Amino acid sequence: MIAHLPILQVVVPLLSAPVCVVLRRHNPVWVLVFLASWTAFFIAVLLLNAVSRAGEIHYVLGGWDPPWGIEYRLDVLSAYLLLIVTAIGAVVISFARESVIREISSDRIYLFYTAYLLNLAGLLGVITTGDVFNMFVFIEISSLSSYALISLGRDRLALLAAYRYLVLGTIGATFFLIGVGLLYVMTGTLNIVDLRARLTDVEHTRTIVTALAFLTVGISLKFALFPLHFWLPGAYTFAPSVVSVFLASTTTKVYIYVMLRFLYSVFNPAFVFDVISLDLVFLVCALLAIFSGSLNAIRQNDVKCMMAYSSIAQIGYMILGVSLVSVTGLLAGIIHLFNHALMKGALFMCLACVYYKTGSVRLGDLRGIGRRMPWTMAAFVVAGLSLVGIPLTVGFISKWYLVLAAIERDWWWLVAAVIAGSLLAVVYIWRVVETAYFRDSDDAKSPARAEVAEAPLSMLIPLWAMIAANLYFGIDTSLTIGLAEQAANYLLGAGP
Amino acid sequence: MTEFFSEYNYWVVIILMMSGFYIVISHQNLVKKLIGLNLFQISVFILFISMGYLEGGTAPIFSEEYTQYASPLPHVLILTAIVVGISTTALGLALVVRIHKAFGTMEENEITGMDEDT
């Protein structure tokens with residue numbers, strides 16, 4: 001049983017998905033999805049435990065030895081990502097019940113849960129697999145299900161957002177496939193470890209450089225790096241609230257993981273950064289992402305759209321860490337994967353609660369909401385402070401290591417840029433807080449709104465669990481920093 | 001010049017790929033965009049399939065008659081990729097049907113003019 005955990009991690013949600021279609025009725029389906037999500041979380045915890053003892057876990061599918069067969073391979077970085085995705089999945093599903101009933105028509109709820117499980121299985125598969133073509137298949141499983149999830153949004157613009165994401169996402173995945181094809185032409189293998197070994201002889205050929213270019217662009221499209229981010233705001237804004245929570249806190253992180261996997265485990269980082277200077281490209285894109293994302297977020301009147309643009313800026317911080325090519329920089333990037341999942345998850349959960357009660361997340365409709373939904377908006381304030389990077393929250397930890405990494409290279413202008421980015425975050429978070437607490441709602445005009453009370457406990461408890469995690473991991477960083485440091489050292493040192 | 005034509009399969013791939021990509025970017029009709037996307041994907045399938053071809057090679061059959069084998073792996077991979085491509089197209093078309101129902105049109109420039117509130 002223990003030996004089979006790497007495959008169970010993927011198979012449990014994957015096989016639960018069709019069962020949902022058979023069960024159809026809301027309650028049994030929800031119980032099944034709840035159990036599957038928490039099982040996945042416990043498997044991830046066990047795997048993380050096993051990886052921290054053994055260093056690496058290899059699982060050979062069907063007894064076909066690698067490099068011929070498909071191998072599942074876990075190291076610290078992948079176990080850490082598994083923990084993020086499954087933890088968010090488990091919390092989101094505990095939170096989802098009421099919100100889904102409110103936002104998705106009852107005859108489609110079981111399809112929603114099916115697509116959610118497929119998405120989860122796809123993401124977990126991308127993380128565990130050690131075979132690049134298998135990775136492509138899992139990328140497509142998670143992407144296709146996320147297009148379906150987004151299209152379930154109530155606004156008819158959700159359909160258009162899903163369509164646009166489908167077109168761009170498919171272009172990204174096809175670029176990925178071209179890159180994999182070119183690697184295969186030169187090496188004759190698809191296994192990550194084997195690829196690394198065989199690439200050293202041919203890495204300076206034009207074919208391999210082209211492969212790297214296709215892979216970088218394709219994967220960057222998937223995690224919405226600055227000039228390739230156009231699908232993201234629409235997708236996050238018009239998706240059902242729960243879907244926004246899940247996608248915003250997991251998908252982009254997984255694709256950044258894929259990027260790291262290729263940069264450090266498939267290609268030789270010395271080649272990627274010293275010869276091709278990809279770090280410079282990442283640095284420029286990351287800075288542009290931080291400022292354009294934040295400035296666009298300030299302009300938005302729909303709070304979900306604001307948070308979506310803020311995500312683009314936050315992806316900038318992660319890639320900024322990667323572009324510094326040092327242990328501290330990489331550590332900052334990796335830890336921000338976890339921290340951003342916590343804060344953006346919490347923020348989107350607050351918006352889900354508000355939408356549940358008022359049916360709107362437009363800034364104009366949030367006037368005075370702070371007094372009617374005190375717990376929800378208090379959570380928003382804490383998560384917002386975390387996003388800005390105030391001490392005692394997780395956001396501070398990420399920014400702190402990012403600043404340290406910049407100082408290590410004597411780049412004081414970069415420290416200034418990070419602080420300026422945080423100040424921009426203060427501006428847009430403040431816009432929401434000011435409207436919620438210091439603007440009076442026109443109760444006379446809309447008497448129905450005055451009666452709005454707090455969201456149900458089944459939503460508030462997971463939300464506050466998330467907030468507690470934001471604070472806890474901002475104070476006791478031994479677990480997260482320890483893992484991120486191991487992962488960063490592992491990537492920069494030992495290689496695959 | 002001979003080198004130029006000996007690798008003609010790659011030229012076919014590039015021409016198909018760029019035409020598909022161009023259609024996706026330039027057309028406003030959502031169905032035409034999907035056709036372009038399909039063309040784009042198919043070019044990659046041809047890239048994989050043609051690189052698995054070996055002149056005079058057969059399928060890997062254990063027999064003394066045959067000495068040259070072509071690798072079947074690229075073909076197997078593309079079978080999977082074709083399935084993925086079909087699912088993408090099906091989902092895309094389903095979305096277009098829903099979009100047409102909701103907006104009454106399939107032209108992207110007409111749709112973007114309708115709900116310009118965000």
Just one of the numbered conditions (1) under 24 Å from B:Val24 (Cβ atoms); (2) of a type outside the set (Val, Ile, Thr); (3) without any contact (Cβ under 8 Å) to a residue 24 or more places away in the chain is not true of A:Arg164; which one? (3)
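With the structure loaded, tell me whether A:Ser292 is out of contact with any Pro (no Cβ under 7 Å at 6 or more places or on another chain), of a type in the set (S, T, N, Q) and surrounded by 23 or more Cβ atoms within 10 Å (Cβ to Cβ) or whether it fails that test.
no
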Select the helices (runs of 4 or more DSSP H) contained entirely in the range A:132-206, then report the ones holding at least 2 residues which are facing chain B (nearest Cβ under 9 Å) and either at positive phi or of a type outside the set (Asp, Glu) (or both). A:132-151, A:157-187
Would you mention how many residues in the range A:241-290 are outside any helix (DSSP H, G or I) and at pLDDT 95 or above? 0
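Residue by residue, here is whether (1) closer than 29 Å to A:Leu342 by Cβ; (2) at pLDDT below 95; (3) surrounded by 24 or more Cβ atoms within 10 Å (Cβ to Cβ); (4) not assigned by TED's automatic domain parsing to the domain that holds A:Phe138 holds:
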residue: A:Phe176; (1), (2), (3), (4): yes, no, yes, no
residue: A:Ile192; (1), (2), (3), (4): yes, yes, no, no
residue: A:Val202; (1), (2), (3), (4): no, yes, no, no
residue: A:Val209; (1), (2), (3), (4): no, yes, no, no
residue: A:Ala224; (1), (2), (3), (4): yes, yes, yes, no
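Has the range B:55-72 got at least one residue that is within 9 Å of chain A (Cβ to nearest Cβ) and either more than 17 Å from A:Phe175 (Cα to Cα) or of a type in the set (S, T, N, Q) (or both)?
Yes, there is a match, as at least one residue in the range B:55-72 is within 9 Å of chain A (Cβ to nearest Cβ) and either more than 17 Å from A:Phe175 (Cα to Cα) or of a type in the set (S, T, N, Q) (or both).
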Residues of the range B:69-79 being surrounded by fewer than 14 Cβ atoms within 10 Å (Cβ to Cβ) and assigned to a helix (DSSP H, G or I), which ones? B:Val76, B:Leu79
Residue pairs, Cβ under 8 Å, 6 or more apart or interchain, first in the range B:80-109 and within 7 Å of chain A (Cβ to nearest Cβ) and in a helix (DSSP H, G or I), second of a type in the set (Ser, Thr, Tyr) and exposed (fewer than 14 other Cβ atoms within 10 Å of the Cβ). List them. none
Of the residues B:Phe62, B:Phe5, only one is closer than 25 Å to A:Thr187 by Cα and part of a helix (DSSP H, G or I); which? B:Phe5
Condition check for A:Leu215: closer than 30 Å to A:Ile109 by Cα, part of a helix (DSSP H, G or I) and either at pLDDT below 95 or of a type outside the set (Asp, Glu) (or both): no
Flag for A:Ser16 being of a type in the set (Gly, Ala, Ser) and modelled with pLDDT of 90 or more: yes
With the first residue restricted to the range A:278-305 and required to be within 19 Å of A:Leu247 (Cβ to Cβ), and the second required to be in a loop (DSSP other than H, G, I, E, B) and among the charged types (D, E, K, R), Cβ contacts under 9 Å at 6 or more apart or on different chains are A:Asp302/B:Asp117
Looking only at the range B:14-33, decide whether some residue is away from chain A (no Cβ under 11 Å), more than 22 Å from the chain's Cα centre (by Cα) and without any contact (Cβ under 8 Å) to a residue 12 or more places away in the chain. no
Check whether at least one residue in the range A:54-71 is outside the structural domain of A:Leu331 (by TED's automatic domain parsing), out of contact with any Leu (no Cβ under 8 Å at 6 or more places or on another chain) and of a type in the set (Asp, Glu), and report yes or no. yes
For B:Ser43, indicate whether it is within 12 Å of chain A (Cβ to nearest Cβ), farther than 20 Å from A:Tyr165 by Cα and assigned to a loop (DSSP other than H, G, I, E, B). no
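The values are calculated or read from the model by the stated rules, or taken from the named source; none is laboratory data. From a predicted model like this one, the values you see are computed outputs, not experimental measurements. Neighbour counts are summed over all protein chains in view; Cβ atoms, including those assigned to glycine, are modelled from backbone coordinates with ideal geometry.
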